[in-house]
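Chemist: Handing you this structure, nothing more for now.
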């Protein structure tokens with residue numbers, strides 16, 4: 001595990017301690033599925049565009065469901081046409097900062113977020129409405145800056161990372177769906193298409209989608 005993966009895992013672990021020993025939801029409210037009685041699943045993907053982004057998009061398109069991609073601006077700047085194609089294809093592209101720093105200690109977090117938003121808007125014609133601070137690291141200053149840029153801070157309540165480390169990822173992921181569903185009307189899933197064990201994530205993704213469908217979930221994007 002390299003330093004970046006360790007910091008990401010540690011930050012997520014810190015967030016997790018606030019609600020559930022494995023996952024946490026640090027999110028702006030999302031629509032309640034009370035009228036349908038089913039529940040919504042939001043599949044979100046961090047750190048791209050990266051080695052798993054194209055394959056992720058192919059799986060989502062084949063399944064006919066939208067994804068929300070939290071992109072790193074520095075990487076995305078080389079793939080503007082691809083960002084545009086994501087939005088045109090019914091997906092959502094949101095802000096994961098420009099260089100993926102810990103925004104709490106960055107000298108100019110506003111520039112990190114604003115530069116990424118500008119890039120996304122220039123590429124897709126749509127300005128991001130949500131941001132996800134790298135490493136799940138935030139504070140009052142970061143929240144204030146995000147709000148000033150017209151964005152809501154969004155995290156998750158189900159991370160795919162622990163199930164991917166399990167001997168049987170699909171089974172463990174389905175167990176986590178049931179555990180989280182017992183506490184929430186909706187589930188926001190954290191996947192990584194730009195870092196970590198992307199091949200394992202790609203293998204899990206269709207089975208994760210099937211797990212939600214078996215439980216009557218509808219898929220939404222931010």
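Chemist: How many angstrom lie between the Cα centre of the range 50-109 and the Cα centre of the range 149-173?
Modeler: The distance from the Cα centre of the range 50-109 to that of the range 149-173 comes to 16 Å.
Chemist: Would you mind ranking 135, 42 by Cβ crowding within 10 Å, fewest neighbours first?
Modeler: 135, 42
Since every read-out is calculated from the coordinates, none of them should be taken as a lab result. Owing to the predicted nature of the structure, the values given are computational and were not obtained by experimental measurement. Don't worry about glycine lacking a Cβ; one is built from the backbone with ideal geometry, like all the others, and counts go over all protein chains shown.
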